[in-house]
1. Could you check how many residues of the range 12-22 are within 24 Å of Asn105 (Cβ to Cβ) and in a loop (DSSP other than H, G, I, E, B)?
2. With the checklist (1) farther than 23 Å from Ser115 by Cβ; (2) more than 16 Å from the ligand (Cβ to nearest atom); (3) open to solvent by less than 40 Å² (accessible area, probe 1.4 Å) in hand, flag the one item Gly92 doesn't pass.
3. Check off (1) within 16 Å of the ligand (Cβ to nearest atom); (2) assigned to a loop (DSSP other than H, G, I, E, B); (3) within 20 Å of Lys100 (Cβ to Cβ); (4) not hydroxyl-bearing (Ser, Thr, Tyr) for Ala52 and give me the number that stays unchecked.
4. Quickly run through the range 55-83 and pick out the residues that are open to solvent by 80 Å² or more (accessible area, probe 1.4 Å) and in a helix (DSSP H, G or I).
5. Test Lys100 against the criterion of being at pLDDT below 95 and either open to solvent by 50 Å² or more (accessible area, probe 1.4 Å) or in contact with a His (Cβ under 7 Å, 6 or more places away or on another chain) (or both), and give yes or no.
6. Just the residues that are open to solvent by less than 50 Å² (accessible area, probe 1.4 Å) and of a type in the set (Ser, Thr, Tyr), please, taken from the range 172-195.
7. Do you know which residues across the range 13-43 are surrounded by fewer than 12 Cβ atoms within 10 Å (Cβ to Cβ) and among the acidic types (Asp, Glu)?
8. Out of all the residues in the range 23-46, which are assigned to a strand (DSSP E or B) and either touching a residue at least 24 places away in the same chain (Cβ under 8 Å) or out of contact with any strand residue (DSSP E or B) (no Cβ under 9 Å at 6 or more places or on another chain) (or both)?
Amino acid sequence: MESNDTYLIKRVAITENMDNAHLLEVSGTCPLCGKYMLVAKGKRMNKLYQIAHIYPNSPTSNEVKILKGLERLGANCEEFENKIALCKDCHGYYDDHKTKEEYLNLLRIKKGLLSASKAKIATSHQDLEQEIIIVINELSKIDQQTLQKMKLEYQALKISNKVEDIYTLLKVKIETYVCIYFNFIKETFQNLDQAGQINFELVASEIKTSFLKCEKEMISKSEIFDSLVKWLKSKSVGSSSEACEAVISYFVQSCEVFHEITK
Ligand SMILES: [Zn+2]
């Protein structure tokens, strides 16, 4: 059946990664009947589940009719949002006997799962915030010697042309970090500054100066960013690259470092 419904696109095969993500989303149990969907058979685990389309990939004319105007998840039918792991029995039944109520029920379940995983991601952000505090605390220990060494490390880097698509990725990365963490980092700096644990003005101006010195070495923005992240990571034992990236992104934003470089 030809359709001009842009939500319907050609079937996309599920990769192993996606398959795992779907199983993880439902914690291994069928969201409709509660059955556990993995069964040990000898040394192997047998899969008793399939990945179902919530809104069908190729709806029958009857399905088009009963689902008309109802909410749909994702930009098209092949996105993660429109798929869910179901046990084989429930999947078969759902596909063959779809009603408006069953569709809306599965949609509601999926929405619940999506918001639960969003909450999980938010919690992992909290862990990252803890790490950022550690990184920021380490920044207070910067001394002239370290900064000098940092400068030498820049000079050791090879001159390379700016790669435009890498730069775009870098921009997106920095913007994302700034969007999520800017105020948090700003506040943390302010608190540490007021408590006398850090001299923010000093730290900020020294980092800015180091950035500006890089201009003379003609290093690409990506390299400057990466080397600063690496340097910060080496200074704060046990911190993740993500936490360091967030802090460096803060400096890029607050000191407008790259602006000055592109002048
Ligand atoms: Zn089931």
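1. As a first pass, look at the range 12-22 and keep what is within 24 Å of Asn105 (Cβ to Cβ): 14, 18-19, 21-22.
Adding the requirement that they be in a loop (DSSP other than H, G, I, E, B) leaves 14.
Number satisfying all stated conditions: 1.
2. Gly92 satisfies all of (1) farther than 23 Å from Ser115 by Cβ; (2) more than 16 Å from the ligand (Cβ to nearest atom); (3) open to solvent by less than 40 Å² (accessible area, probe 1.4 Å) except (2).
3. Of (1) within 16 Å of the ligand (Cβ to nearest atom); (2) assigned to a loop (DSSP other than H, G, I, E, B); (3) within 20 Å of Lys100 (Cβ to Cβ); (4) not hydroxyl-bearing (Ser, Thr, Tyr), only one is false for Ala52: (2).
4. Ser61, Asn62, Lys65
5. Numbers: at pLDDT below 95: no; either open to solvent by 50 Å² or more (accessible area, probe 1.4 Å) or in contact with a His (Cβ under 7 Å, 6 or more places away or on another chain) (or both): yes.
Answer is no for this residue.
6. Tyr177, Tyr181, Thr188
7. Across the range 13-43, the qualifying residue is only Glu16.
8. Just the residues of the range 23-46 that are assigned to a strand (DSSP E or B), to begin with: 29, 36, 38-41, 44-46.
Lys41, Arg44, listed by residue number.
The values are calculated or read from the model by the stated rules, or taken from the named source; none is laboratory data. Owing to the predicted nature of the structure, the values given are computational and were not obtained by experimental measurement. With ideal geometry, Cβ positions are generated from the backbone for all residues, glycine too; neighbour counts draw on all protein chains shown. The protein model used for the area step is the full one, side chains on, heavy atoms only, and it has no ligands, DNA or RNA in it. Shrake-Rupley method; radii C 1.70, N 1.55, O 1.52, S 1.80 Å.
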